[in-house]
Amino acid sequence: MSHARQALVVHPAAPDMTEAQRTALSECIDAALACTQACTTGADSCLEEPGVGHLTQVIRAQLNCAAICSASAQILSRFGSDFGPTPASVLRALDDVSALCEDVCRVYAGAYPHCRVTADSCVRVRAAAAAMLALD
């Protein structure tokens, strides 16, 4: 059981959530945190490549994606009794930015394995965000 899942189970507002909501929320938080790490490491890896100039767009997309994923994980982790419905705007931003990052990284995935790892992580976070949106 992930740390996010454990925190959701013991949170005082946990009884207010269905099992499907708790599962989707913990998977989205976990995916966002994993994508934060993958994008941060991916950007750092790009900076180590020779002739880094052609990777400027990739680095920017990865850093933006890491920032949105981190912020989304934090917001989604605060779901007390006054949380209300899942903030769809947060999930849409998560999907939009990770889609852009995935697209940009996928172009370079064949040449740079770290770009493939980042793109794959973006796919997972987009799927998790879609699962959350489907519950609302």
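Helix 19-48 axis versus longest C-alpha principal axis of the chain: approximately 20°, rounded to the nearest ten. Computed from backbone phi, the HN-Hα couplings of region 3-9 come to 4, 4, 5, 4, 5, 5, 5 Hz, rounded to whole numbers (Karplus: 6.51 cos²θ - 1.76 cosθ + 1.60, θ = phi - 60°; Gly and Pro given as x). Label-to-label distance for A7 and D103 is 3.1 nm, based on points extended 7 Å past Cα in the beta-carbon direction. Residue by residue, region 114-131 carries 3J(HN,Hα) couplings of 5, 6, 5, 4, 5, 4, 5, 5, 5, 4, 5, 6, 5, 5, 5, 5, 4, 5 Hz when phi is fed to the Karplus relation 6.51 cos²θ - 1.76 cosθ + 1.60 (θ = phi - 60°); x denotes Gly or Pro. Which one, L47, L91, L25, has the greatest fluctuation when you compute a Gaussian network model over the chain with C-alpha springs under 10 angstrom? With Cα springs under 10 Å in the chain, the top fluctuation among L47, L91, L25 is at L47. Computed with a 1.4 Å probe over protein heavy atoms only, the accessible surface of the chain comes to 51 Å² per residue.
In deg cm²/dmol, rounded to 500, what helix-only [θ] at 222 nm does the chain give when every DSSP H run of at least 4 residues adds -39500 (n - 2.57) and the total is split over its residues? List each step's numbers first, then the result.
Details: 5 runs with 103 residues, N = 136.
Helices in the chain give a 222 nm mean residue ellipticity of -26000 deg cm²/dmol.
Computed about the Cα centre, the dipole magnitude for the chain is approximately 20 debye when only Lys and Arg (+1) and Asp and Glu (-1) carry charge, each at its Cβ.
Largest GNM mean-square fluctuation across S89, S26, S45, computed for the chain with C-alpha springs under 10 Å, falls on S89.
The calculated Kirkwood hydrodynamic radius for the chain is 15.1 Å, given to one decimal from all distinct C-alpha pairs. The C-alpha atoms of the chain define a longest principal axis, and helix 88-108 lies at about 20 degrees to it.
The values are calculated or read from the model by the stated rules, or taken from the named source; none is laboratory data. Remember, it's a predicted structure, so these values are computed and weren't measured experimentally. Please note: Cβ atoms are built from the backbone with ideal geometry, for glycine as well, and neighbour counts cover all protein chains shown. Calculation scope for accessible area: heavy atoms of the full protein, side chains included, ligands and nucleic acids excluded. Shrake-Rupley method; radii C 1.70, N 1.55, O 1.52, S 1.80 Å.
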